[in-house]
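Working notes for the structure below.
Read the figures in this text as sums done on the coordinates, not as results from a lab. Please read all numbers here as calculations on a predicted model, not as lab measurements. We place every Cβ from the backbone using ideal geometry, glycine too, and count neighbours over all the protein chains shown.
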Amino acid sequence: MTYKTFILIATMVLLAGALTTTVVVLNAKRTAEKQSALLADKIHTALYRDATSIWDGQLISGPFNPTDIAGETHGSSTYIRLTWQPPTQTYHHFLITITDPRTRWTRIESGEHDRTSLDLSDLKSDTKYTMTVQACLDQPCRTWLMPSEETTYRTDKPFWQIVDTAAELKKATEVEDWQNSIILNDVSLIKSDNSLYSADEKNTFIIERVVHVPKSDEIIMTLVQRVTSRRLFAKLLNP
C-alpha cells in the first residue's frame, strides 16, 4: 500500500465516522423534537414522557345523562362520560387519570381490558377537567401506551328547581361536603313554572342546608326567604 493510498483510506474512514456522528446527532435531535411536540400542552406530561408508545385513542369526553332543563340540554354537574378506542397492540388493562389543571387535583381509576368508556363521578360542578387513558402492557403497569391526545371537559353548572313539597325530609342525611359550599349567585335556580330566578330574586333567599333523601335518592336544598322566613325547597335537576 502506497502512502497516498493509506492517506486516502484514512481520510475516507474519518469522513465516514464524522458522517455517522452527524446522523446520530440529527436522529437524537429529531427524537427530542418529536417528544417536545408530543408533550406540548399536555397536562399529564410524566405519563407521556415515560410511555412506551402512542396510539390513536380517540378520547371523547362529554355530558353524563343529558337532561332537558328549562328548554336547554344540560349534563350532570358532578359526572363526566369518557369514551376511547383500544389500541391494536396487546395490552392488559386501562388506567384512567382525571385532573383539575387549576388545583392539580388528580384521581386515577382502573378499567378492565374490554372497557372503552367510564362515567367519572363525584366531581365539582362548573369545573374544567383534563383526562387521559393508559393502556397498561402488564398487570403492575410498569410499561404502558398513551393516546395521542388528552381530552378536556367542563362539568355543568348545577340547576335547582323549586318543588312544592320535600317528602321524607325527616329521614334525609345532611350533605356536609356538597361542593364544599354553595353560593346562590353561582347556581341556576328555576321556578316551578320553569322560568329562571334573576340575581336580584335569588338574593332574597339564604341557603339553610342541603340534604340527601335516601328513598328518592334526591338532593334537596332548603331555602329561607329573608323577609318572611318562609321555607322553600329546591331539587337538584342534574346531580
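Results, tabulated for the structure shown:
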{"read-out": "Distance (nanometres) between label positions extended 7 Å along Cα→Cβ at ASP193 and ASP122", "value": "4.2"}
{"read-out": "Around LEU145: net Lys/Arg minus Asp/Glu count, Cβ-Cβ under 12 Å", "value": "-3"}
{"read-out": "Sites matching GluC sites (Glu not before Pro) across the range 175-234 that sit in DSSP coil, with at most 10 neighbouring C-beta atoms within 10 Å", "value": "GLU176"}
{"read-out": "5 angstrom amide H check on SER76, placed H, neighbours 5+ away", "value": "PHE64"}
{"read-out": "J(HN,Hα) series, the range 64-80, from Karplus relation 6.51 cos²θ - 1.76 cosθ + 1.60, nearest Hz, glycine and proline x", "value": "9, 6, x, 9, 7, 10, 6, x, 10, 8, 10, x, 5, 8, 10, 10, 9"}
{"read-out": "Ranked by how many other beta carbons lie within 10 Å on average, peptides 63-71, 101-109 from highest", "value": "63-71, 101-109"}
{"read-out": "Cα-centre dipole for the range 45-154 with unit charges at Cβ (Lys and Arg positive, Asp and Glu negative), debye to 20", "value": "360"}
{"read-out": "Cα-projected label distance for ILE108 with THR73, points at 7 Å along beta-carbon direction, nm", "value": "3.5"}
{"read-out": "20 Å reach of a label modelled at ILE183, 7 Å along Cα-to-Cβ, counting backbone N of the range 218-239", "value": "221-224, 226"}
{"read-out": "Distance (nanometres) between label positions extended 7 Å along Cα→Cβ at GLN225 and THR152", "value": "4.4"}
{"read-out": "Rounded FRET efficiency, nearest 0.05, which uses the C-beta distance separating ASP217 from GLN85 and R0 of 30 Å", "value": "0.35"}
{"read-out": "Cut-off under 5 Å, modelled amide H: who pairs with GLY57 long-range", "value": "SER148, GLU149"}
